[in-house]
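Have a look at the structure below, then the notes.
The values are calculated or read from the model by the stated rules, or taken from the named source; none is laboratory data. As the structure is a computational prediction, the values presented were derived from the model and not from experiment. Note: ideal-geometry Cβ built from the backbone for every residue, glycine included; neighbour counts use all protein chains shown.
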Amino acid sequence: MKNQLRHLSLTTRLSISFSIICCTVFFAIGLLSYHNMQHLLAKQRDQNLTARVERIEIFLQDQESFQILVQHPRLYENMLGKEDNLLILKNQQLALIEINPLKVHIPDMAESKTITFLDNQSEFATTRLAYKTVVFNHQHYQLIAGTQLDEAQSTLDQYLWKLILYSLLGIVMASLLGRWVGLYLLKSLNNLIEQTHKIQGTQPHQRIEVKSTTVEVDKLSSAMNAMLEKIQINYDQLARFSEDIAHELRTPLNNLMGQTQIMLMQSRSQQELEQLLYSHLEEYERLSKMIDNMLFIARSEHSDYIIEKENIDLSNLILELVHYFEFLAEDRLMRFVLELEKGIQIYANADLLKRALSNLIINAIDYGFEDQDIVISTKSTENHIDIEVLTKNVFIDKQHLKHLFERFYQIESSRHAKAKTGGLGLSIVKSIMMLHHREVTAYNTKEGIIFSLKIQYLT
């Protein structure tokens, strides 16, 4: 059944659901109405019987009227008006008045000082009876009034058929209305589906434009356009990344092929062959570094990539890195200037943070001017710690700042820098900070370019 319903359109399912709901509502209302009508008719019938018994009781209070009624019972029979009505007045077992045109069976009744109701028989009852015992001239009289149940049942049957007819008409009209409303409300959704089908995987720039009749479809359209926007961005990045990879791999491969072809053209000395091998080794190291970095970035972009964090003394970590790169900086006559706050504890992955800071330091050494300072500082804020690397007298044009952390983005062609990071150094820094749910920024100051890492406090 569920599989069959899945093949139906949403409009059809809405119409069926609406019809079922309407049918249930109409059935419940009809059942309550029928029960209420049955109750009202029964109450009215008992009230009529009560009034009839009370009228006879009034006659009994007047001796003259009582004698007339006993002598001429048909007078009251004419007053009843209907042939199926019943009235019996008994004195013990003697019937003084007996109006029972349908010869209805009257069961034995005990004395009752109040008006009591019962049916003439327990099963298949035909007559509703009301009786009361009254005392007149020290005599006990039993008053019995009755009316046929067929009349009330006939009224109920007519009411039931009308109720069924009106309910069926209501269900049909509600179903038609439900289908019309469904078609109206889902018109924009169908348009959305048609436009979605037209969008090709290779054309993520297309957008959905739907004149919607519902807020939900508007929200869905906006969400799909937002998704298409992200797909377009990812598509463009993938295309650019593929081009960058091809370009970056082509250079070392061409160098390897060219050098090898030249060396094979003629005999070479052992020293020349060793130089070729050293040159090849450099290119291999560059390729290996590039591949490792690309794999790291790819893994870091997965949402299920989890890093282990620990408590870290930030000052000690930075001092360790500065000591490691100190000789490399001295080769370019550069100096490290440290402005570190004491006793700062952070919560991060030590290895990844070292890698991020190392890439920033290498970037500062490679692109900084000789005989200049590299300032590394820490600044505490209310929610985080800023680790800043300042390269003095080096400035980057504003149009480049927003692209610095993109893969293979280079302001200047530098084979030396690429050899160290594979052209992915700053991209790796960004990936590491994303793994920490933090960010890296770059901005110019009067002194030079600053790269800033925002790290979480120890919690």
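Here are a few things to note about the model shown:
- Within the range 118-135, the only residue that satisfies the criterion of being within 27 Å of Gln67 (Cα to Cα) and surrounded by fewer than 15 Cβ atoms within 10 Å (Cβ to Cβ) is Val135.
- Among the candidates Leu338, Leu353, residue that is surrounded by fewer than 17 Cβ atoms within 10 Å (Cβ to Cβ) and among the aliphatic types (A, V, I, L, M): Leu338
- Residue within the range 27-39 that is in the same structural domain as Val135 (by TED's automatic domain parsing), at pLDDT 75 or above and either farther than 30 Å from Lys162 by Cβ or acidic (Asp, Glu) (or both) present: no
- Inter-residue pairs, beta-carbon under 6 Å, first among the small types (Gly, Ala, Ser) and in the range 431-451, second part of a strand (DSSP E or B) and surrounded by 15 or more Cβ atoms within 10 Å (Cβ to Cβ), 6+ apart: Ala442/Phe451; Gly448/Leu390; Gly448/Thr391; Gly448/Lys392
- Remark: pairs (first residue in the range 132-143, free of Cβ contacts under 8 Å to residues at least 24 places away in the same chain; second residue part of a strand (DSSP E or B) and among the aromatic types (Phe, Trp, Tyr); Cβ separation under 8 Å; 6+ apart in sequence or on different chains) = Thr133/Tyr141; Val135/Tyr141.
- The number of residues in the range 307-328 that are surrounded by fewer than 17 Cβ atoms within 10 Å (Cβ to Cβ) and either over 52 Å from the mean Cα position of the chain (by Cα) or in a strand (DSSP E or B) (or both) comes to 8.
- Qualifying residues in the range 108-143 (those that are in a loop (DSSP other than H, G, I, E, B) and within 14 Å of Leu86 (Cα to Cα)) - the one farthest from the chain's Cα centre (by Cα): Asn120
- Of the residues making up the range 335-367, those that are part of a strand (DSSP E or B) and either of a type in the set (A, V, I, L, M, F, W, C) or not assigned by TED's automatic domain parsing to the domain that holds Ile385 (or both) number 5.
- Residue check, Ser315 modelled with pLDDT of 85 or more, hydroxyl-bearing (Ser, Thr, Tyr) and within 19 Å of Glu439 (Cβ to Cβ): no
- Tabulated pairs, the range 364-377, first buried (at least 18 other Cβ atoms within 10 Å of the Cβ), second among the aromatic types (Phe, Trp, Tyr) and part of a strand (DSSP E or B), C-beta under 6 angstrom, 6+ apart or interchain: Ile374/Phe336
- Any chance Ser315 is among the small types (Gly, Ala, Ser) and assigned by TED's automatic domain parsing to the domain that holds Gly425: yes
- Output for the range 378-400, where each listed residue is within 16 Å of Met433 (Cβ to Cβ) and surrounded by 12 or more Cβ atoms within 10 Å (Cβ to Cβ): Thr378, His384, Ile385, Asp386, Ile387, Glu388, Val389
- Selected residue (criterion: modelled with the highest pLDDT) from residues of the range 97-117 that are among the aliphatic types (A, V, I, L, M) and loosely packed, with under 15 Cβ neighbours inside 10 Å: Ala110
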